[in-house]
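Report on one structure; see the data block that follows.
The values are calculated or read from the model by the stated rules, or taken from the named source; none is laboratory data. Since the model is a prediction, treat every value here as computed from it, not as a measurement. Positions of Cβ are generated from backbone atoms using ideal geometry, with glycine treated the same way; all protein chains shown enter the neighbour counts. When the accessible area is computed, the model is the full protein with side chains, heavy atoms only, and any ligands, DNA or RNA have been set aside. Shrake-Rupley method; radii C 1.70, N 1.55, O 1.52, S 1.80 Å.
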Amino acid sequence: MVKPRTFGYFFESAGKSLLRNSWMTLASISTVAVSLLVLGIFLVVAANINAVAANVEGQLQVTAHLATLSAAERGRLEAEIKAIPGVTDVRFVPQSEAWQRLLEWYGDNQDFLAGWEEENPLRDSFEIRADVSHRVPEVAAAVTVLAGVEEVLWGREIVEQLLAITRMMRLVGIGLMVALALAALFIIANTIRMAIFARRREIGIMRYIGATNWFIRWPFVIEGLVLGLLGGMMAASVLAWGYYLAVRALVQAIPFWPWVQPWPFLQQLALLLLSIGVVIGILGSGLSLRRYLDA
Amino acid sequence: MLELSNVTKAYPNGSVALNQVNMSVERGEFVFVVGASGAGKTTLTKLLLREEKPTSGKITINGKNIAKLRPHEVPYLRRSMGVVFQDFRLMPTWTVEENVAFAMVVVETAPRLIRRRVAEVLELVGLTNKHAQLPSQLSGGEQQRVALARAIVNKPMLLLADEPTGNLDPETSWGIVKLLLDINSTGTTMLMVTHAKQIVDTLRKRVVELESGCLTRDERCGIYHG
Ligand SMILES: Nc1ncnc2c1ncn2[C@@H]1O[C@H](COP(=O)(O)OP(=O)(O)OP(=O)(O)O)[C@@H](O)[C@H]1O
Ligand SMILES: [Mg+2]
């Protein structure tokens, strides 16, 4: 075990090494920062797409157009629909209401609807809501097979596109993260390797005078950790500042869009980036220590 | 305190540096190790430091077979020994004081004790007034005295010196040897590898000779060539 007091020496030693190889230090901090920044931007975009998706999905409903039914038949059908697992709300929309909606939708341009009024071409329908959006397809399928239902409409395209985007984001995101993390890992490992070589004479002496392996390793671990942490801090501050400004501008441009609010989202994001930075730093130095230090 | 029994060291390339060596050294002894170049003297010190493992045989230090040490125990073995080399092995960018203190930093001594003890050993080797200089500002003999101060600062029981005067002129060499004798007189066991005939012949200490890896001579009050 290393005494706590000795960590003063470790930090001093790591600091000297970082300053001595200042170009390498700068290069690795920037690489870590850029990697984490790209990762952060990706997460910000993903979070916003998720927010939009949740918003859209929350508004999704299944519309079942009905055949001409008696009141009793309609009542039975409504009960059947309510019995489908996941259905939370069923609302009857008579064809007259549907017509009114159509008129409202077209507003000032409704002239071409004139004349259809008498023989309303629309049908009665049920508007059905599910408790969670991913059950919408299920509910739609169950409604389709019921007697008295002629046609079922739901936002199939929207849901499927959103799901596809989310899937793709996840795939691209994971690939991107792995590639960038590897780049950051590599540059830190390389910096530590150079630090080890710069100090190999000192390390040789340390071995002769009875330094334990951990005593020799600690300064390099700290060096990697500091590189990762500084890179993470840089990425987090640029991202937080950038997103804060971006949201401020966007909220004015598109007021009712469900932007993810900076707080506490950015705090969590910053914490995540810092942690990843630290982990990458420690792993990177660990790689070089294993390769170049252990006798 | 130190015992080798049937120690053989064959390097991976096949060269046999030590061959069935038996010897034992008592606490406080002063031993010269002599022999032609390539006889296996440096290999002997490497085995004692556990820088290399013997191919066969047993090396016991203070009752412990050091061939059996696990890696994490090796640093503690080395803390019981001091080492000096022909080429001093000082950090060129550190002052005399820092070089010596480093041996105590590494074993995590309290800073207060470090300052006091470093001043003490620098006085012992006569470098008190050069404590703030860099190795490059010192003569070879002075540099070796710094290395010696570093080797004894943690009060080892055994001091290994591999040709400590190999790079020094005869007069300077005597200065170093006198220091080694002083250190030895305080109870530190001394193993000195050397080619310095004049020193060995003058001091008449115990002499162990290696010839192509075999121990061929072990005399109580020996001379360089038997
Ligand atoms: N790492 C090694 N790998 C292979 N062979 C080695 C190694 N180190 C030493 N040897 C061989 O072992 C033999 C003994 O070497 P050693 O260094 O112990 O000799 P020495 O007595 O110290 O010589 P010198 O007086 O020149 O310092 C030599 O033949 C040498 O070539
Ligand atoms: Mg030698």
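Annotations for the structure displayed:
- Only one of the numbered conditions (1) at negative phi; (2) open to solvent by 70 Å² or more (accessible area, probe 1.4 Å) is violated by B:Val207, and that is (2).
- Whichever residue in region B:173-226 is within 21 Å of B:Ser37 (Cβ to Cβ) and in contact with a Leu (Cβ under 6 Å, 6 or more places away or on another chain) and, among such residues, is modelled with the lowest pLDDT: B:Gly213
- The set of residues in region A:121-152 being hydroxyl-bearing (Ser, Thr, Tyr) and buried (at least 16 other Cβ atoms within 10 Å of the Cβ) consists of A:Ser125, A:Ser133.
- From the options A:Leu289, A:Leu293, A:Leu266, A:Leu272, residue that is open to solvent by 60 Å² or more (accessible area, probe 1.4 Å) and out of contact with any Gly (no Cβ under 7 Å at 6 or more places or on another chain): A:Leu272
Every residue, every condition in (1) within 14 Å of another protein chain (Cβ to nearest Cβ); (2) of a type in the set (Gly, Ala, Ser); (3) open to solvent by less than 10 Å² (accessible area, probe 1.4 Å); (4) within 28 Å of A:Leu272 (Cα to Cα), yes or no:
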residue: A:Arg201; (1), (2), (3), (4): yes, no, no, no
residue: A:Met206; (1), (2), (3), (4): yes, no, yes, no
residue: A:Ile216; (1), (2), (3), (4): yes, no, yes, no
residue: A:Glu223; (1), (2), (3), (4): no, no, yes, yes
residue: A:Ser237; (1), (2), (3), (4): no, yes, no, yes
residue: A:Val247; (1), (2), (3), (4): no, no, yes, yes
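- Candidate set from region B:77-93 (those that are open to solvent by 30 Å² or more (accessible area, probe 1.4 Å) and more than 9 Å from chain A (Cβ to nearest Cβ)); member that is farthest from ligand 1 (Cβ to nearest atom): B:Thr93
- Residues that are surrounded by fewer than 24 Cβ atoms within 10 Å (Cβ to Cβ) and within 11 Å of ligand 2 (Cβ to nearest atom), drawn from region B:30-39: B:Gly35, B:Ala36, B:Ser37, B:Gly38, B:Ala39
- Candidates B:Glu98, B:Glu108, B:Glu123, filtered to the one that is assigned to a helix (DSSP H, G or I), of a type in the set (Asp, Glu) and within 13 Å of another protein chain (Cβ to nearest Cβ): B:Glu98
- Screening region A:3-105 for helices (runs of 4 or more DSSP H) wholly inside it with 3 or more residues that are touching a helix residue (DSSP H, G or I) at 6+ places or on another chain (Cβ under 6 Å) and not polar (S, T, N, Q) returns the ranges A:6-20, A:22-59.
- Qualifying residue in region A:215-224 (condition: within 29 Å of the chain's Cα centre (by Cα) and of a type outside the set (Ser, Thr, Tyr)): yes
- Within region B:94-115, tally of residues that are surrounded by 20 or more Cβ atoms within 10 Å (Cβ to Cβ) and charged (D, E, K, R): 1
- Unmet requirement for A:Gly242, which otherwise passes all of (1) without any contact (Cβ under 8 Å) to a residue 40 or more places away in the chain; (2) touching a helix residue (DSSP H, G or I) at 6+ places or on another chain (Cβ under 8 Å): (2)
- If you go through region B:40-59 and keep only what is open to solvent by less than 30 Å² (accessible area, probe 1.4 Å) and over 15 Å from B:Val83 (Cα atoms), you end up with B:Gly40, B:Pro54, B:Ile59.
- Residues of region B:12-28 satisfying the condition of being over 19 Å from B:Met190 (Cβ atoms) and surrounded by 12 or more Cβ atoms within 10 Å (Cβ to Cβ): B:Ser15, B:Val16, B:Ala17, B:Leu18, B:Asn19, B:Gln20, B:Asn22
- Residue tally, condition aliphatic (A, V, I, L, M) and either farther than 27 Å from B:Ser15 by Cα or within 16 Å of ligand 1 (Cβ to nearest atom) (or both), over region B:45-76: 4
- Looking across B:Val118, B:Val106, B:Val146, one residue alone is free of Cβ contacts under 8 Å to residues at least 12 places away in the same chain, out of contact with any Ser or Thr (no Cβ under 7 Å at 6 or more places or on another chain) and of a type outside the set (S, T, N, Q). It is B:Val106.
- Residue match in region B:130-141 (condition: in contact with a strand residue (DSSP E or B) (Cβ under 7 Å, 6 or more places away or on another chain), open to solvent by 10 Å² or more (accessible area, probe 1.4 Å), in a loop (DSSP other than H, G, I, E, B) and more than 16 Å from ligand 1 (Cβ to nearest atom)): no
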